[in-house]
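Working notes for the structure below.
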Amino acid sequence: MEPSLKDTVADRVQQVLSNIRRAADRAGRSVQHIRLVAVTKTVTVDRIQQGIDAGLSILGESRLQEAASKIDVLKQAPVRWHFIGHLQRRKVRSVIGLFDLIHSVDSIALGLDLNRCTGALGRLQDILLEVNVANESTKGGFRIEDIIDAAPVIGMLPHIRIKGLMAIPPPWTHAEQSRPYFRRLKELGLRLRDLNLPGVEMDELSMGMSQDYEVAIEEGATLVRVGTAIFGARDV
Ligand SMILES: *Cc1c(COP(=O)(O)O)cnc(C)c1O
């Protein structure tokens, strides 16, 4: 289903959920293994609430300050929050306790900082390792050749648990162009899983955004991060 301008947030949530179901069917996968992370950066609390009323249950934010204030305002809402943006090491302390999952751990140093801060608060933080699947010089994330060495080091840290991998392929005109990168992330996850590393579970693949989440599901995504297709284009 293609969105039209008259559609409400609730209409779009239903469209995206139905597209997710159809992509899962095409791939012969159970839709229960695919979770929608609705990306709410720059979206007003009012519109986020419309999305929650329409059934969204996981919200993703990429800017820490904005996220913290929304989490506070919406603290009664039956939703979980994920952090999906670049996390600066000096901000690590403020991230603890707010998010069920941090998708974007992109260096060993950040892993060490997270472990220290979560440990100090007596918590356990679930994370994904972000992979720079296209080896773009402008983008963060582990290089494919580095992650095999980094995963065991981060996995050994007692206060964080690696649940899987995340990637943001380059922005394309056609969703199909992302497919090889999604496939690459999936293969990397399987390789890491075969290593049976302590503290490394590898059950989650966070891949696919508004333009290519259906292709990502066909290639094995368990978490799709969708903003524009639900809330409309962002000004900033
Ligand atoms: C903004 C953002 C998204 C959502 O992008 P859309 O194209 O609006 O769906 C997904 N992942 C990350 C990391 C983002 O920053």
In region 157-173, how many residues are in a loop (DSSP other than H, G, I, E, B) and in contact with an Asp or Glu (Cβ under 7 Å, 6 or more places away or on another chain)?
-> 1
Kindly provide the set of residues from region 12-62 that are within 19 Å of residue 223 (Cα to Cα), within 18 Å of the chain's Cα centre (by Cα) and part of a loop (DSSP other than H, G, I, E, B), ordered by number.
-> 34, 40, 41, 56, 57, 62
Pick from region 198-211, criterion of a type outside the set (A, V, I, L, M) and in contact with a Lys or Arg (Cβ under 8 Å, 6 or more places away or on another chain), ranking: surrounded by the fewest Cβ atoms within 10 Å (Cβ to Cβ) | 203
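Yes/no per residue for (1) buried (at least 20 other Cβ atoms within 10 Å of the Cβ); (2) out of contact with any His (no Cβ under 9 Å at 6 or more places or on another chain); (3) under 20 Å from residue 64 (Cα atoms):
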| position | (1), (2), (3) |
| --- | --- |
| 90 | no, yes, yes |
| 148 | no, yes, no |
| 156 | no, yes, no |
| 162 | yes, yes, no |
| 168 | yes, yes, yes |
| 182 | yes, yes, no |
May I ask you to list pairs of residues, at least six apart or on different chains, whose Cβ atoms are under 9 Å apart, with the first in region 217-233 being under 19 Å from residue 83 (Cβ atoms) and of a type in the set (A, V, I, L, M, F, W, C) and the second being within 6 Å of the ligand (Cβ to nearest atom) and at pLDDT 95 or above?
-> 224/209; 226/39; 226/209; 226/210; 230/39; 230/210; 231/39
Apart from one, (1) more than 18 Å from residue 112 (Cβ to Cβ); (2) assigned to a helix (DSSP H, G or I) all hold for residue 152; the odd one out is (1)
Within region 213-236, which residues are near the ligand (Cβ under 9 Å from one of its atoms) and surrounded by 18 or more Cβ atoms within 10 Å (Cβ to Cβ)?
-> 213, 224, 225, 226, 227, 229, 230, 231
Pick from region 177-236, criterion over 14 Å from residue 131 (Cβ atoms) and among the aromatic types (Phe, Trp, Tyr), ranking: farthest from the chain's Cα centre (by Cα) | 231
Test for residue 45: is it among the β-branched types (Val, Ile, Thr) and in contact with a helix residue (DSSP H, G or I) (Cβ under 8 Å, 6 or more places away or on another chain) = yes
Within region 92-117, of all residues that are of a type in the set (S, T, N, Q) and away from the ligand (no atom under 13 Å from the Cβ), the one surrounded by the fewest Cβ atoms within 10 Å (Cβ to Cβ) is 94
Does residue 209 qualify as being within 16 Å of the ligand (Cβ to nearest atom) and either part of a loop (DSSP other than H, G, I, E, B) or of a type in the set (D, E, K, R) (or both)?
-> yes
Look through region 21-61, keep the residues that are within 13 Å of the ligand (Cβ to nearest atom) and among the aliphatic types (A, V, I, L, M), and return whichever of them is surrounded by the fewest Cβ atoms within 10 Å (Cβ to Cβ).
-> 58
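The values are calculated or read from the model by the stated rules, or taken from the named source; none is laboratory data. Keep in mind it's a predicted model, so treat the numbers as computed, not measured. Cβ: placed from backbone, ideal geometry, glycine included. Neighbour counts: every protein chain shown.
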